[in-house]
Amino acid sequence: MRRSIALPAAALAVLLAAVTGCSGSDDKSDSGGSGSAEPVKVTYVTGFGTGGHDAFAYVGLDKGFFRDAGLDVQVETGQPATNRQTVEAGKAQFTYVDLTGHMIATSNGQFRDIRAIAAVHQNTLVTIFAPEGSGINAPKDLEGKKVGAAKASVSLTLMPAYAKLAGFDMSKVTMVEGDPQGLAGLLKAKKVDALSTFIITRGTVERVTGQKMIAMPFSDRLTDLLGTAIVTTDKFAKEHPKETAAFRDAALKSLQYTIDHPQEAAEIMKKHLPTINVESTVTEITLMKPYVTSAPGGKIGVIDEQRTARAIAILEGAGMIKPGLKPSDFVDFDIAPKV
């Protein structure tokens, strides 16, 4: 399938204004798009490099879900350190982020225009991986060790709170930052003793290192934290509600197809990214399914406002965010699917 070429921001704005101006509707629940003469061009930036958790974007391209929703979507590889800046600058319209990390950033005055419009994973995926037989069997064993994590990732952001609740001295842990794709290589080369990354990458870490891993999920100590979510700017959502809803619906349809057909989804992803390992990608998609479907009734994409308020309380209690943050500061509940 042809991959689109992103329009300059100004041209995109003109095109979108023309499309939405003709509609005469500002109903955010309308998936829209099917009546447009031509598909609207938008760009999606992957959340965390080229992992299987982003396979749904390529599935949406390959299966025509975005096209059927009236969208011509270009998928670009992103990194946690820059994705939100890219969307805020109008160089892309959508990405996905770890919502817990985004809450902390929003509380600190950053990315105040970024809003979540649908969940990808319902619970935080962050975990500690340590090789079996390494002597790291519990969080306390991380003292005196080097732990690798992706630059500007939620793994780094949450580590102090995790340390506090898990009972180890964070000042005795050395954090080593790296690129998402290179984390397993750091462990294989013994440049770090453990990794803090998403639990669904376990298959990749074990394949690269040739070692079995023990896992210490952050969710064991930081309960009820939110996972990842698709985001856009509040400005874009308000100015282009039909296109925002169309992207939400097509992305969630793609996500459902991905977790239902992990082998096919991995093979589709490899067509777009030839260097990925299909077996590891299948494992990652399989591992993430419970995190995608764990909302009441198994409905994907749901962001529950009451649970979001509880997550705020947890982070406030851990000293990770300042008092006063509201769920609506970082979630658009008019667009996000409801329980």
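What the table below lists for this structure:
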item: Sequence-separation-based contact order of the chain, relative, with Cα cut under 8 Å and 6+ spacing, percent; result: 27 percent
item: Loop-resident sites, segment 182-246, for trypsin sites (Lys or Arg not before Pro), counting at most 14 other Cβ within 10 Å (DSSP); result: Lys190, Lys191, Lys212
item: Net charge over other residues, Cβ less than 9 angstrom from the Cβ of Lys212 (K, R count +1; D, E count -1); result: -2
item: Cβ-derived FRET efficiency at R0 56 Å, Lys235 paired with Lys190, nearest 0.05; result: 0.75
item: Using θ = phi - 60° and Karplus 6.51 cos²θ - 1.76 cosθ + 1.60, couplings along segment 157-170 (whole Hz; Gly, Pro as x); result: 5, 8, 4, x, 5, 4, 4, 4, 7, 8, x, 10, 8, 5
item: Kirkwood Rh in Å, taken over all unlike Cα pairs in segment 126-220; result: 12.8 Å
item: Table column - 3J(HN,Hα) (Hz), segment 88-98, Karplus curve with 6.51, -1.76, 1.60, x for Gly and Pro; result: 4, 7, x, 7, 8, 9, 9, 8, 10, 9, 6
item: Lys91/Ala313 FRET efficiency (R0 30 Å; Cβ-Cβ; nearest 0.05); result: 0.30
item: Inter-part distance where segment 274-305 and segment 57-78 are each reduced to a Cα centre, Å; result: 18 Å
item: Total charge dipole magnitude, the chain, about the Cα centre, Cβ charges on Lys, Arg, Asp, Glu only, Debye to nearest 20; result: 620 debye
item: Global geometry of the chain, whether rounded, prolate or oblate, following the gyration tensor of its Cα atoms and the 1.5 cut on a/c; result: prolate
item: With at most 14 other Cβ atoms within 10 Å, longest stretch of the chain clear of loop GluC sites (Glu not before Pro) (DSSP); result: 144-339
item: Euclidean distance of C-alpha centroids, segment 195-223 and segment 103-148, integer Å; result: 11 Å
item: Positive minus negative residues near Glu88 (Lys, Arg vs Asp, Glu; Cβ under 12 Å); result: +3
item: Antiparallel bridges, percent of DSSP beta bridges restricted to segment 126-220 (to nearest 5); result: 55 percent
item: The chain - share of DSSP beta bridges that are antiparallel (%, nearest 5); result: 55 percent
item: FRET efficiency, 1/(1 + (r/R0)^6) with R0 35 Å, evaluated for Gln306 and Gln110 via beta carbons; result: 0.90
item: 5 angstrom amide H check on Gly148, placed H, neighbours 5+ away; result: Val176, Asp193, Ala194, Leu195, Ser196
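Just so you know, all these numbers are worked out from the coordinates, no wet-lab data involved. A quick note: this is a predicted structure, and the numbers were derived from the prediction, not measured. Here Cβ is always computed from backbone atoms with ideal geometry, including for glycine, and neighbour counts include all displayed protein chains.
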